[in-house]
Amino acid sequence: MGNNDGDGINRRHALECMIWAGTGVLWTVAGGVPKSLSLLDDVEAAEAAKSGFTFLQISDSHVGFNKPANPHAIETLKEAIGRIDALPEKPAFLLHTGDITHSAKPVEFDDANEIIGSTRVNVHYVPGEHDITDQATENAYLERYGKGVKGGGWYSFDQHGVHFIGLNNVVNLKKFGLGFLGDEQLKWLEDDLRALSSSTPIVVFAHIPLWSIYPNWGWGTDDAAVALGYLKRFGSVTILNGHIHQLMQKVEGDVTFHTARSTAFPQPAPGEALSPGPMVVPADKLRGMLGLTSVTFKKNKSPLAIIDTSLAD
């Protein structure tokens, strides 16, 4: 089996479909294959909101961060929330995929709640590793955001015919900081999915990606294969994550994996630095590497549109 098959390389490239930080892009997913339509503008945003039910993802706000990569992270979070307030059609809800805070301090959570809560849009949270640093902060997180959740903070809900699943993969991290779900959560996930029809659209959201992007940096989840095994019978699965602070997308069969930008600071592309962490970029480039994600679902139709908007757009 040689590696000089051009078509094979192209197919693998299409399958990987990794997108680095840039301006907002409208994605439509048909038959499990994402297609870039155009750069987002206000007219497209309004039409997308009217054509189906829309929700937003925000991630890695890191309230409390004030290092050189972005000394004003709380201000860029406010900018992102301002974008939501300015939308012509309000989203059904907001998903926050973790690292709400930078060091799990009560005052950081208070500031985040005040800013994010100003949208008056319902918010569904999952924790990041900066939100749960030990047993005490895990308990504090669950006191704030744990109403109605199972175990260590996992839960599901249904809206507009879509089944949403929030997972916690930031406790008991494995080698290099790889995410971990654990047997209790995986058993709950299997039970949660059992009664659903295979035609039910599924959206899973968690902090650390459920696919192996760069394990040496902890950019993956140790036992994700078990969870993905439970999901493989469904015809439409979208998995939304944060943690890596940049846009990357991958399609495997009927599963689309999509990571979001941070609202606080960028991180380097996998392997392009000695380690992950806040990346200093020129001030005039920073907002182009921060942003939020909008998803539009059209009932009884494929496609599902994923729109990534940077703060510079």
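The values are calculated or read from the model by the stated rules, or taken from the named source; none is laboratory data. All figures in this text were calculated on a predicted structure; none of them were measured in a lab. Cβ sites come from the backbone with ideal geometry, for glycine too, and all protein chains shown count toward neighbours.
Quick notes
- Checking each residue in the stretch 97-108 for being crowded, with 21+ Cβ neighbours inside 10 Å and farther than 17 Å from P266 by Cα picks out A104, E108.
- Any hit, the stretch 187-208, residues being hydroxyl-bearing (S, T, Y), modelled with pLDDT of 95 or more, surrounded by fewer than 21 Cβ atoms within 10 Å (Cβ to Cβ) and under 23 Å from A273 (Cα atoms): no
- Tally of residues being over 15 Å from S294 (Cβ atoms) and in contact with a strand residue (DSSP E or B) (Cβ under 9 Å, 6 or more places away or on another chain) across the stretch 75-89: 1
- Here L231 meets each of (1) free of Cβ contacts under 8 Å to residues at least 12 places away in the same chain; (2) farther than 26 Å from T133 by Cβ with one exception, condition (1).
- A count restricted to the stretch 61-90 and to residues that are surrounded by 19 or more Cβ atoms within 10 Å (Cβ to Cβ), under 20 Å from the mean Cα position of the chain (by Cα) and part of a loop (DSSP other than H, G, I, E, B) stands at 3.
- Those residues of the stretch 183-211 which are in a loop (DSSP other than H, G, I, E, B) and within 20 Å of the chain's Cα centre (by Cα), in sequence order: P201, A206, H207, I208, P209, L210, W211
- Residues that are farther than 13 Å from S156 by Cα and hydrophobic (A, V, I, L, M, F, W, C) within the stretch 196-218 comprise I208, L210, W211, I213, W217, listed in sequence order.
- Hey, G218 modelled with pLDDT of 95 or more, within 25 Å of D134 (Cα to Cα) and surrounded by fewer than 20 Cβ atoms within 10 Å (Cβ to Cβ) or not: no
- Hey, G152 within 27 Å of R83 (Cβ to Cβ), modelled with pLDDT under 95 and of a type in the set (G, A, S) or not: no
- Check on A273, modelled with pLDDT of 95 or more and buried (at least 17 other Cβ atoms within 10 Å of the Cβ): no
- Count of the stretch 187-201 residues, restricted to those that are in contact (Cβ under 8 Å) with a residue 24 or more places away in the chain and of a type in the set (D, E, K, R), is 2.
- Selection within the stretch 240-292 - assigned to a strand (DSSP E or B), closer than 17 Å to H62 by Cβ and in contact with an Asp or Glu (Cβ under 9 Å, 6 or more places away or on another chain): G291, L292
- Residue list for the stretch 92-103, filter: assigned to a loop (DSSP other than H, G, I, E, B), of a type outside the set (S, T, N, Q) and within 16 Å of the chain's Cα centre (by Cα): F93, G98, D99, I100
- Counted residues, the stretch 142-177 - those being of a type in the set (G, A, S) and either in contact with a Cys (Cβ under 8 Å, 6 or more places away or on another chain) or in a loop (DSSP other than H, G, I, E, B) (or both): 6
- Within the stretch 191-219, being out of contact with any strand residue (DSSP E or B) (no Cβ under 7 Å at 6 or more places or on another chain) and either over 15 Å from S236 (Cβ atoms) or charged (D, E, K, R) (or both) holds for D191, R194, A195, S212, Y214, P215, N216, W217, G218, W219.
- Restricting A92, A73, A80 to those that are of a type in the set (A, V, I, L, M) and touching a Leu at 6+ places or on another chain (Cβ under 7 Å) reduces the list to A80.
- Cβ separations smaller than 6 Å between residues 6+ apart or across chains give the following pairs from the stretch 163-186 residues that are basic (K, R) to residues that are at pLDDT 95 or above and buried (at least 20 other Cβ atoms within 10 Å of the Cβ): K174/D222.
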